[in-house]
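Contents: one structure, followed by commentary.
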There are 2 protein chains.
Amino acid sequence: MEGIVTEELKVVGKSVPRIDALEKVTGKAKYGVDVELPRMLYAKVLRSKYAHARILSIDTSEAERLPGVKAVITGKDMPKDISIEIRYSKLNLPPPYSMAVEKVRYMGEEVAAVAAEDELTAEEALGLIKVEYEELPAVCDPEQAMKPGAPKIHDVEGNIMYEAKTEFGDIAAGFGEADYIFEDRFATDLVHPCPLEPTVCITSFDSSGRLTFYENSINPFMRGKLLPSILGIAPSKIRIVQKFVGGNFGSTQGCLTPYVICALLAKKAGRPVKLVYSREEEFLNSGPRNITVSYLKTGVKKDGTITARDIKVIINGGAYLYLGPKIIMSGFTPCAGLYRCPNVKFEAKCVYTNTAIIAPYRSFGVVQTTFGMESMMDIIAGKLGMDPIEFRLKNATRTGDVTVVGQKISSCGLAECMEKTRDYIDWEKKRAAKQPNRGIGMACGMFDSEIRNAPFAGSVAYVRVLADGRVRVDSGEYEWGQGSHTVLSQIAAEELSVPLESVEFAELDTEALPFSLGPYGGGPVTLRGGNAVRLAAVDAREQLQAIAAEMLSVRPQELEMKDQKIMVKGDPGKALSLAEVASYAKYEIATEIIGRGHFEPDTVIRDYKTFYGNYSSGYTFVAQIGEVEVDPETGKVKVINFASGIDLGKAINPMAAEGQSEGGLAQEIGPALMEYIIYDEQGRVLNPNLTDYRLPTALDVPPIKTFLIESNEPNGPYGAKACGQLGNIPTSAAIANAIYNAVGVRIKELPITPDKILKALEEKKKGR
Amino acid sequence: MEGIVTEELKVVGKSVPRIDALEKVTGKAKYGVDVELPRMLYAKVLRSKYAHARILSIDTSEAERLPGVKAVITGKDMPKDISIEIRYSKLNLPPPYSMAVEKVRYMGEEVAAVAAEDELTAEEALGLIKVEYEELPAVCDPEQAMKPGAPKIHDVEGNIMYEAKTEFGDIAAGFGEADYIFEDRFATDLVHPCPLEPTVCITSFDSSGRLTFYENSINPFMRGKLLPSILGIAPSKIRIVQKFVGGNFGSTQGCLTPYVICALLAKKAGRPVKLVYSREEEFLNSGPRNITVSYLKTGVKKDGTITARDIKVIINGGAYLYLGPKIIMSGFTPCAGLYRCPNVKFEAKCVYTNTAIIAPYRSFGVVQTTFGMESMMDIIAGKLGMDPIEFRLKNATRTGDVTVVGQKISSCGLAECMEKTRDYIDWEKKRAAKQPNRGIGMACGMFDSEIRNAPFAGSVAYVRVLADGRVRVDSGEYEWGQGSHTVLSQIAAEELSVPLESVEFAELDTEALPFSLGPYGGGPVTLRGGNAVRLAAVDAREQLQAIAAEMLSVRPQELEMKDQKIMVKGDPGKALSLAEVASYAKYEIATEIIGRGHFEPDTVIRDYKTFYGNYSSGYTFVAQIGEVEVDPETGKVKVINFASGIDLGKAINPMAAEGQSEGGLAQEIGPALMEYIIYDEQGRVLNPNLTDYRLPTALDVPPIKTFLIESNEPNGPYGAKACGQLGNIPTSAAIANAIYNAVGVRIKELPITPDKILKALEEKKKGR
C-alpha cells in the first residue's frame, strides 16, 4: 500500500518556533542539574595541577575519615586493565578514557574523586587527599612534540598517535601540468566551545542492579555500548537518560570520564551520585578543538584550473588517543570535495601532547583545514589576477560530480551560495571602490550530511498515534539545541496530517528508544532521522487506514487523510478522527498504532587506509562573505557585516535553519579573532575561565544575512540534507580574506589577534 | 515458520522462587511509600464522621492560611458535573467516585483534602476546616434498605441500585420433576481484605503537563482510561507507574478517589503530592467485600439428581454505584456451572446502603454465593442419606460440558479434586468413626480463568532480546503479589531456551507497556498473559533465527536453539550465542529483537440481561475438605486440618500455585470464623483497626495439603489456566459443613462466631 499522498506541504517548510521553546523560556525545562534523587551524594574530582608527572603515591585515608564522605576512588578503582587496554585498542573504536594510573599527562587529569553528603564536604575531602608527584617536562605543541628529545608522553616513538597517507590521481603529473605552484603553512589554535551548561551526570543503581545515568551529554547510545565493558555491567543493565542539553557542540562527544567516575562512586557508596563540572573543569576536561597545522601545496594553471593539491596536516591529539584519527579523516572532507581537483595527496599526523584530550568542536575538524585551504584560494586568485569568487566558481564542485576520493555529489548548491551572497553584499562594487581599512572576503566550505562510521549508519524511528489522537515520535536522534526534535516532529505532523502541537517527542532514554548513532561526526539528524521518522509516520498512517477501513466497512484505498481525520474520499460525512481510530485500536482490539521507520543510506565505510569511498548520502555546502574594518593603530578587527549562503537541500524549518547558520557564524568569530587556550611552558592552562578566555559577545556579532539554498537532495526527506555544521566552517577564512582585502596583510595563524595584525602591518611597512 | 519446538519443558512446570523474592526480603524493593520526589507535598483527607448527612457548609479559609499549606480542595473542586454524571452512567462502566458534594453517604466519605509541606501540617489543617452537617438517618443492611420508609440514600425507589432476573430451561418443570425441594437463606457479612500495605499515591506534573501517578493499586490501565475525562487531561498526558504492591486482593480495584484527590492537589499546588492511607482510612475507604443474602431453592430427585435451582441474591452495593452489578454477575458463575442442572433461575438486587463502596475482595463475589450453595449441598445430601461427596460427584460438571448458561467447560478436574482430597483426608473412615466435637466437611468451588468484560479481552506482550542476550518481558499484566511475573518469565525463558535468571520484567508503566486489562474480575494473568508472552517469545525466537541464519549463511530451518545458543543442527561448533545475535541486530543492522504476542480468547461478552454466553476460555475448579474441632462450652471453632485440590490446568510454578492456594485458604478463615466490620445504628464503623477487627493469625491456620490437579486446559499455555482465586472460594462452606458434622448445628450466616454456635447448640438442645 502506497499510503495517502499529501499533495501540498502544510507543516514541513514552514518556519515554526521550536517545540521546546516554551519550556525553555519559562524555566520549566529540566536540565541535568535539576535532577535530584533521594539520598543523592555530590561528587568532586581531584585533578592534576601538573601537565606531566609521575604519581608516586596517593593517600586518601584522611579524606575517607571525614564525616559525610561516603566514597573515595582513585585510578586503582578503575576496573582492572580495561581502561588501558581500551586506550590502545584498534582505531575504529574511540578509546574511552578514565582516571590517571601511574602518570598524569595533562593539567586537570583526574587523580581521585569523592562522593559526600554535600558539595562543601566533598570539596573539603579533596583537600585531604595527599598526592606525591614527580614532575616531568611537558610539551604542548604538536610539531615540538614530534622532535627528537621531546618529552615522551606515552611509550611511542616521536609521540605519534596516528599517521595517514593517501594519494589520488597522479600527484607528480598534476603539479607538472601546473603553471604556478603555491606553498604555505597555516595553523589554528586550541579553542573551547564553552557551552552554557557544564557537564553534568547523575548515576543511580536500582534494586535490580540497573545503573541509570541522567546527563546532558551527546551520544548516549554510543556510551551505552562502551560503558558496560568498562564498568563490568551487562549492557541491558545500563540505561542513559538525556535531560535537556544546554549546548555542547561536541565537547563531550563520547568522552566517558565523568560517567565512569560517577558510576564507580555510586557503586562504592551504594547511593545516587551527582557530578557537575565547574567552568574550570569544563575548560580542562571537556574536550577542546585541536590545533591543526596545515602545510598546503596547490598547483594551478594560468586560467585558474586547479591541477593538484598536496595537503600535510599535523594535529595535537591531546594526552590520550581519542577522536584524533577521526578528526583527521573528517577534516579531509573538503580537501578533495569542495573544488574539483583530479590529483590529491594527503598526509596527516596526530600527535600526543600534554594537553586535554581533544574533541570535535563544531564541524569535526573541517573548520581547521578549511581555514588554510580557503586562505590559499584567495592568495592564488590574487596571484592570478582573478576575482576570488570567479576563481572559486571556476573550480567549484557541481551536482553530479564524483570526487576523486569517491564522494558522490547528489546535490550541490555551492555556486548558488556564492552568487546569492555576492549579489547581496554588492561584491564587485565594494571590491572596486574600496574604502580605507575596510575589506570584504569570501570563503566556502563543505560538510557531509551524515556519515557511515559503522556497519549500521542509518536511523530507526517509531511513530505512535496515541489514544487521544496525539502523535509521539520515538527516535534516538537527539536534541542538543539544534532544533532537531522540532524538525522531526514537523515531518511526523506532515505525514499524519495533524498540527505540530499534536506531536510530542519521547525523552531520550536508551532503554525505551531504538538504537541511534546520533549526530556522530556530522549533522545527520535531518537526513537520517528525518527519513526514518517519515517512513515511520507513513507506516502509522497505513495502520490507521487499515483499522479505519474496518470500522467504516470500506477498503483502505477509499480513504483519505485530512485535518486529523480519516474520511471516505468524496464523502466527508463518513469520517473518523485519529483519536477515534487510535482509541478503538487501543481499547477494543488492543493494537497499538506504532509505525516503524528503518532508514539505511546507500553508502560505504571509507577505506581505512586510503580514505576512499562515498561515505555520505549527501554533502552540504556553504559560502560566506564577511566585511571587516581594521584599525591600523590598534590592530583591532571589527566584523561589520556577513552574508551566508547555506545549501541545506530543503529547509524543513527555515527559521531554525537560519538560527543554526547565524549561531555557528557568531560562535566562530571567537576562534577567528580572539579565543585560544593559553598553555605555559610547563603545560599549565593559564586561562580556564570566562574572564581570561575571551568569547565574542553580542557586540562582536555583525548583522548576518542567511540564504537558504534548496538544492533538493534526492536522498533526503523532502529534499533536505544537513545544515547545523555549515554556519561556522568558512567564517575564519572569510574574515582572514577580508582583513587582507582591508589592510593588505595575510594572517595565517588563528586567532587573528590585534598583535598579529600590528606585527604584520609593521613588517609590511618594512617591505618584507 | 513454525519456530524451533522445545521438546521437553525445562523451566515451565518447575518450582522456582519468585523473581522478586530477593528484592523483597532484602528490603530493596521500592514500594509506593518509598517514592520521594523533589519538592513533594503531603496530603491528608478530611472524612465524614457521619454515615448520612447533608453538608450545609464547608469553610476552608483558616486551613488555607496555615503556613505550610499549599492547597485545599473540596467537592467543589471536582471537575464540574463529571463526578456525578459518571456515578450514574450506564452500567457497563464502573463509575469512578470522587469527593462528597452536597451530601455524605457513608462514614469516611471524602469531604476535603489538604496538601502541605509535611504530614503534621496537613493534619493540623484538617482540624481547621469547618464543616456544618445536618445528620440524616442511615441504613446499612441491604434488606432493611429495600423496605418502605427506609432512609433514601439516592433519589432512587427502594434504594435499588441494580436488578437482574434471568431463567434458563423450564424452572417450573424442573421443580415438578423433583422429589424434594429445599429452601433456605444464607448470608455473608462485610469484611475487609486488610492488605499489609495501605493505599498510596504520588502525583507529579512534568513541564509538558504530563501527569504521572506512582502507586500501588491494580488496574492502572483501566484507570488510565477513566481518569482523563474526570481530570480533563488528554489520555496521552496521563502516565501510571505501579510500584511494588504490598497486597491488595481487590480492595482498590478501579477505585479512583485517592488518585483524583492527589492529582487535583498536585495541580492546585503546582508541586508533587503524596497521599498514604492510614489503617483506619484503609478500612473506611478501600472497598470491603459486600454482604450477600442468598435465598436458595433446589429441587432434587431421590437418586440425587439436581433438577432445578432458584437463586435469589441481595447484596449491599455501598453508598455509590460501583462494581456491585459486576459482583452479582460474577457471583452467578458457580450457580449453573459447578454442578449440572438444566433449569436455573436467578434474581439479584444490588442495594444502596450507608456503607463504604464495595469492592471485589478475592474471587469477586463467588465466595459469597458458594457459601450458601455448598452449605445447601450438605443439607440435601443429609436429607437424601447420601454421602456429601458422592452426591457432589454425581452432579459434578465434567470436561466437555456446556452449562445451561453457555459456559463451555473445556477442561474440568473437579471430580479429581474431590477424590484426591477425600483419599488424603481418609474421609470415609473419619465420617464413619466420628470423634466427639470433631467433624469434617467438604465444599467445592468454581471460578473463571479469565473473563470477557470488554470488546477486547486478551493480552498483548512484547518479549525483547537485549544486546547482552538477556530477555525482557514487556507485559501490562501486573504483579500484585500473586507471582505472575515469575510465571510469565518462566514462559519466556522456556521458549527462548535461557535460564530464568536471564529474564527481567519491565516495571509497570502505562506509557511504556501495551494496554492490559489486568486481573480484572478473574485471575487471567496465566492464561491470557501467558499465551501472549508465549507467542511473543516464539516471535522473538523466529526473529533471532532469521538473523542468525544470515550471520551463519544457512537457512533458518537448519538452526536449533539450545542453552542460550542458536546452532546449526548436528554441527554445534557452528553456533552463535543469543548475545551475539542480539548485539549484531542492535548495533550492526539497528534492528531490535522485539517479539510481539497478541492473544484474544475465543469468547463472548455475556448477554447483559440474560447472563448467557461463554465469557471465559477456561474454568477452574476446587474441592476442599476441612477438619474442625468445636468446643461446645465456648463455641470456639479450631480448624485443625485442611486438604485442597485445585484444578489449575497445569502448574507453571508449582511452588507458587501451592502458595496461592494456601494463602487464599488461610485468609478465608477470617471471614468464615471471625471477621466482620461492625456498623452501629447510625452507620458508624466501630472497628476500623486491627485491634477490634480480628484477622486470623498463624495460630489459626491449620496444616494445609494442596493437590495441583492438572486437567490440561486446551486454551491455556502449556495447559495452564488460573489458580489465584481458588484457594478461598469453598473454605467457609467447608468449615460450616465440618462444624455441622462435628456438633450437628448448621450456621447459615458468616462469620461463624462462638456466640452463633452456642446459641445454635442451645436451640438444638431445646429440640428446635
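The values are calculated or read from the model by the stated rules, or taken from the named source; none is laboratory data. Here the structure is a predicted model, which means the values were calculated and not measured. We place every Cβ from the backbone using ideal geometry, glycine too, and count neighbours over all the protein chains shown.
Below are the figures for this structure:
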{"item": "Of residues in the stretch B:187-212 being closer than 15 Å to B:Tyr676 by Cα and of a type outside the set (A, V, I, L, M), the one surrounded by the fewest Cβ atoms within 10 Å (Cβ to Cβ)", "result": "B:Asp189"}
{"item": "The stretch A:507-526, residues that are closer than 29 Å to A:Phe447 by Cα, within 13 Å of another protein chain (Cβ to nearest Cβ) and among the aliphatic types (A, V, I, L, M)", "result": "A:Leu513, A:Leu517"}
{"item": "Any hit, the stretch A:480-493, residues being closer than 22 Å to A:Leu226 by Cβ and away from chain B (no Cβ under 14 Å)", "result": "yes"}
{"item": "All positions within the stretch A:715-765 that are under 22 Å from A:Pro696 (Cα atoms) and among the hydroxyl-bearing types (Ser, Thr, Tyr)", "result": "A:Thr731, A:Ser732, A:Tyr740, A:Thr753"}
{"item": "Condition met for A:Ala537 (assigned to a helix (DSSP H, G or I), away from chain B (no Cβ under 12 Å) and either in contact with a strand residue (DSSP E or B) (Cβ under 6 Å, 6 or more places away or on another chain) or not acidic (Asp, Glu) (or both))", "result": "yes"}
{"item": "Options B:Tyr693, B:Tyr676, B:Tyr718; residue that is crowded, with 19+ Cβ neighbours inside 10 Å, aromatic (Phe, Trp, Tyr), in a helix (DSSP H, G or I) and modelled with pLDDT of 95 or more", "result": "B:Tyr718"}
{"item": "Cβ pairs under 8 Å, 6+ apart, first in the stretch B:551-564 and more than 16 Å from B:Leu578 (Cα to Cα), second of a type in the set (Gly, Ala, Ser)", "result": "B:Arg555/B:Ala549; B:Glu558/B:Ala549"}
{"item": "Every residue from the stretch B:267-296 that is basic (Lys, Arg) and in contact with a strand residue (DSSP E or B) (Cβ under 8 Å, 6 or more places away or on another chain)", "result": "B:Lys267, B:Lys268, B:Arg271, B:Lys274, B:Arg289"}
{"item": "Test: residue in the stretch A:602-618 that is more than 12 Å from chain B (Cβ to nearest Cβ) and closer than 23 Å to A:Leu513 by Cα", "result": "no"}
{"item": "Odd one out for A:Val685 among (1) at pLDDT below 95; (2) over 21 Å from A:Val367 (Cβ atoms)", "result": "(1)"}
{"item": "Among residues of the stretch A:198-244, those that are in contact with a Gly (Cβ under 7 Å, 6 or more places away or on another chain), at the interface with chain B (Cβ under 10 Å from one of its Cβ atoms) and in a strand (DSSP E or B), counted", "result": "1"}
{"item": "Test for A:Arg271: is it at pLDDT 95 or above and within 14 Å of chain B (Cβ to nearest Cβ)", "result": "yes"}
{"item": "B:Glu560, sole failed condition from (1) surrounded by 24 or more Cβ atoms within 10 Å (Cβ to Cβ); (2) touching a strand residue (DSSP E or B) at 6+ places or on another chain (Cβ under 8 Å); (3) away from every other protein chain (no Cβ under 13 Å)", "result": "(1)"}
{"item": "Flag for A:Phe621 being facing chain B (nearest Cβ under 10 Å), buried (at least 23 other Cβ atoms within 10 Å of the Cβ) and either free of Cβ contacts under 8 Å to residues at least 12 places away in the same chain or under 30 Å from A:Arg398 (Cα atoms) (or both)", "result": "no"}
{"item": "Scope the stretch A:422-460; condition more than 14 Å from chain B (Cβ to nearest Cβ) and either under 30 Å from A:Gly595 (Cα atoms) or within 25 Å of the chain's Cα centre (by Cα) (or both); matching residues", "result": "A:Met442, A:Ala443, A:Cys444, A:Gly445, A:Met446, A:Phe447, A:Asp448, A:Ser449, A:Ile451"}
{"item": "Cross-chain or 6+ apart pairs with Cβ under 8 Å, the stretch B:165-190 first and on the phi > 0 side of the Ramachandran plot and outside the structural domain of B:Lys748 (by TED's automatic domain parsing), then of a type outside the set (Asp, Glu) and assigned to a strand (DSSP E or B)", "result": "B:Gly169/B:Ala308; B:Gly169/B:Val344"}
{"item": "Any hit, the stretch B:671-681, residues being more than 21 Å from B:Pro702 (Cβ to Cβ) and among the β-branched types (Val, Ile, Thr)", "result": "yes"}
{"item": "Which numbered condition A:Arg472 fails, given (1) in contact (Cβ under 8 Å) with a residue 40 or more places away in the chain; (2) within 14 Å of chain B (Cβ to nearest Cβ)", "result": "(1)"}
{"item": "Residues within the stretch B:584-607 that are touching a residue at least 24 places away in the same chain (Cβ under 8 Å) and part of a helix (DSSP H, G or I), tallied", "result": "4"}
{"item": "Some residue of the stretch A:127-135 being assigned to a helix (DSSP H, G or I) and either buried (at least 17 other Cβ atoms within 10 Å of the Cβ) or modelled with pLDDT under 95 (or both)", "result": "yes"}
{"item": "Subset of the stretch B:21-40 (residues that are touching a strand residue (DSSP E or B) at 6+ places or on another chain (Cβ under 9 Å), of a type outside the set (Val, Ile, Thr) and at the interface with chain A (Cβ under 9 Å from one of its Cβ atoms))", "result": "B:Glu23, B:Ala29, B:Lys30, B:Asp34, B:Glu36, B:Leu37"}
{"item": "Residue list for the stretch B:1-55, restricted to those being polar (S, T, N, Q) and at pLDDT 95 or above", "result": "B:Ser15, B:Ser48"}
{"item": "From B:Ala145, B:Ala178, B:Ala122, B:Ala172, residue being of a type outside the set (D, E, K, R) and closer than 18 Å to B:Val293 by Cα", "result": "B:Ala145"}
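Okay, residues lined up against (1) of a type in the set (D, E, K, R); (2) surrounded by fewer than 22 Cβ atoms within 10 Å (Cβ to Cβ); (3) at pLDDT 95 or above; (4) within 24 Å of B:Ile589 (Cα to Cα):
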position	(1), (2), (3), (4)
B:Glu511	yes, yes, no, no
B:Gly518	no, no, no, no
B:Thr526	no, no, no, no
B:Val533	no, no, yes, no
B:Ala537	no, no, yes, yes
B:Arg541	yes, no, yes, yes
B:Ala546	no, yes, yes, yes
B:Leu552	no, yes, yes, yes
